[in-house]
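This is the structure I have questions about; it appears just below.
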Amino acid sequence: MGARKIIIDTDPGQDDAVALLLAFASPEELEVLAVTTVAGNVPLELTTRNALTVCELAGRSDVPVHAGCDGPMTGTLKTAEAVHGQTGLDGVELPPPSTAPAPGHAVDILIETLRREPAGTVTLCTLGALTNVATAFARAPDIVERVAEIVVMGGAYFEVGNWSPAAEFNILVDPEAAQIVFRAGRPLTILPLDVTHKALITPDRLAAFGRIDSNVGRAVHGWLGFYERFDMAKYGWEGGPLHDPCVIAYLLKPDLFSGRFINVEVETQSELTRGMTVADWWNVTDRHANATFIGDVDADGFYALLTDRLARL
Ligand code: RIB
Ligand code: CA
């Protein structure tokens with residue numbers, strides 16, 4: 001069987017950058033058709049610039065980067081410079097990208113690609129707010145059934161919120177978009193904080209990245225050393241959680257992860273709990289299951305995969 005075709009929708013962000021590198025380091029398993037950017041960790045101009053930088057670092061400037069939505073479907077944009085720095089890729093000084101975004105808005109590219117590729121062959125991997133994907137679904141409903149699977153980093157249940165008391169950042173940035181995607185009726189796998197908070201960048205794991213003698217190794221070591229400080233100070237852990245690479249690792253080695261097929265809805269009405277992912281983990285409602293909600297990971301296996309693959313670039 002050939003490589004799995006994916007589109008990575010992202011808001012780099014250091015953890016997004018590592019997820020992109022993991023995908024690029026796995027060409028036998030994953031064919032990255034396009035990278036689409038969305039505003040989130042930092043504004044769209046920076047997430048797009050950062051995506052170009054990461055593609056260039058990986059030697060994959062052949063992969064088109066398309067800029068997408070610069071804010072949520074409703075409300076104003078929330079950003080996370082406190083975590084990622086003003087550039088979104090603080091921690092390492094890299095030259096500006098020598099390439100430019102590809103022509104075509106990310107939403108149009110999502111629609112065109114899903115209409116062009118055989119139905120059921122393209123997986124959407126979302127690492128940021130779901131605005132691009134939801135806007136594409138709303139504008140071109142015919143593409144929804146053509147999606148093979150949607151794998152989302154976002155949400156939280158037992159771990160509660162990381163950007164409000166109730167909501168995880170990617171969902172909180174655009175709750176309406178998340179609700180559209182969660183209700184689209186396609187195979188949906190969610191990697192929430194419940195699992196990413198079990199994938200901590202411990203000192204030994206960070207040191208292993210630093211031993212990769214390449215520009216990629218040095219960049220990942222510098223990025224994560226900067227990025228993790230916010231959550232280490234907040235939670236008092238020995239390392240920060242590595243969120244987005246869990247999406248790509250799930251595609252590469254799903255057996256590293258475990259979860260339940262349950263109903264997951266998004267709160268969009270309440271001011272207090274807006275963006276909360278309400279996961280029926282104990283099956284106490286009659287709401288239909290719509291998502292595989294991942295709750296656990298073999299963290300050592302995850303980091304072994306990540307370190308091994310990044311060393312290939
Ligand atoms: O809450 C963590 C998520 O929000 C990650 O995807 C991180 O990159 C930010 O986008
Ligand atoms: Ca992200």
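Bear in mind these aren't lab numbers, they're just calculated from the coordinates by the rules spelled out. Since we're looking at a predicted model, the values are computed, not measured. As a convention, Cβ positions derive from the backbone with ideal geometry for all residues, glycine included, and neighbour counts pool all protein chains shown.
Where the second residue is within 16 Å of ligand 2 (Cβ to nearest atom) and the first is farther than 22 Å from Leu252 by Cβ and lies in region 108-127, which pairs have Cβ atoms under 7 Å and are six or more apart or on separate chains?
Close Cβ pairs satisfying both conditions: Ile109/Thr36; Leu110/Ile7; Leu110/Thr36; Leu110/Asn132; Leu110/Val133.
Turning to a different aspect of this structure: So, in region 206-230, how many residues would count as being surrounded by fewer than 22 Cβ atoms within 10 Å (Cβ to Cβ) and either touching a residue at least 24 places away in the same chain (Cβ under 8 Å) or within 17 Å of Ala304 (Cβ to Cβ) (or both)?
Going residue by residue through region 206-230, those that are surrounded by fewer than 22 Cβ atoms within 10 Å (Cβ to Cβ) are 206-208, 210-215, 217-218, 221-222, 225-226, 229-230.
Now restrict to residues that are either touching a residue at least 24 places away in the same chain (Cβ under 8 Å) or within 17 Å of Ala304 (Cβ to Cβ) (or both): 206-208, 210-212, 214-215, 217-218, 221-222, 225-226, 230.
Here the count works out to 15.
Another question, if that's okay. Please tell me if Glu265 is closer than 21 Å to Trp163 by Cα, surrounded by fewer than 16 Cβ atoms within 10 Å (Cβ to Cβ), touching a strand residue (DSSP E or B) at 6+ places or on another chain (Cβ under 9 Å) and not aromatic (Phe, Trp, Tyr). If you could, list the steps in order and put the result at the bottom.
On the way: closer than 21 Å to Trp163 by Cα: yes; surrounded by fewer than 16 Cβ atoms within 10 Å (Cβ to Cβ): no; touching a strand residue (DSSP E or B) at 6+ places or on another chain (Cβ under 9 Å): yes; not aromatic (Phe, Trp, Tyr): yes.
Against the criterion (closer than 21 Å to Trp163 by Cα, surrounded by fewer than 16 Cβ atoms within 10 Å (Cβ to Cβ), touching a strand residue (DSSP E or B) at 6+ places or on another chain (Cβ under 9 Å) and not aromatic (Phe, Trp, Tyr)), Glu265 does not qualify.
What's the number of the only condition in (1) part of a strand (DSSP E or B); (2) surrounded by fewer than 18 Cβ atoms within 10 Å (Cβ to Cβ) that Ala233 fails to meet?
Going through (1) part of a strand (DSSP E or B); (2) surrounded by fewer than 18 Cβ atoms within 10 Å (Cβ to Cβ) one by one, Ala233 breaks only (1).
Let me ask another. I'd like the full set of residues that are assigned to a loop (DSSP other than H, G, I, E, B) and surrounded by fewer than 20 Cβ atoms within 10 Å (Cβ to Cβ), limited to region 268-279.
To start, the set of residues in region 268-279 that are assigned to a loop (DSSP other than H, G, I, E, B) comprises 268-276.
Across region 268-279, the qualifying residues are Thr268, Gln269, Ser270, Glu271, Leu272, Thr273, Arg274.
Going through Pro141, Pro241, Pro175 one at a time, which residue ends up being more than 15 Å from ligand 2 (Cβ to nearest atom) and in contact (Cβ under 8 Å) with a residue 24 or more places away in the chain?
Matching residue, one of Pro141, Pro241, Pro175: Pro175.
Okay, moving on. Right, Thr113: away from ligand 2 (no atom under 16 Å from the Cβ) and under 23 Å from Glu168 (Cβ atoms) or not?
Judged against the criteria, Thr113 is not a match.
Quickly run through region 109-155 and pick out the residues that are within 18 Å of Asp16 (Cβ to Cβ), touching a Pro at 6+ places or on another chain (Cβ under 6 Å) and either surrounded by fewer than 23 Cβ atoms within 10 Å (Cβ to Cβ) or not β-branched (Val, Ile, Thr) (or both).
Gly155
Okay, moving on. For region 144-202, which residues satisfy the criterion of being out of contact with any strand residue (DSSP E or B) (no Cβ under 7 Å at 6 or more places or on another chain), closer than 15 Å to Asn132 by Cβ and within 15 Å of ligand 1 (Cβ to nearest atom)?
Passing the criteria: Val173, Asp174, Ala177.
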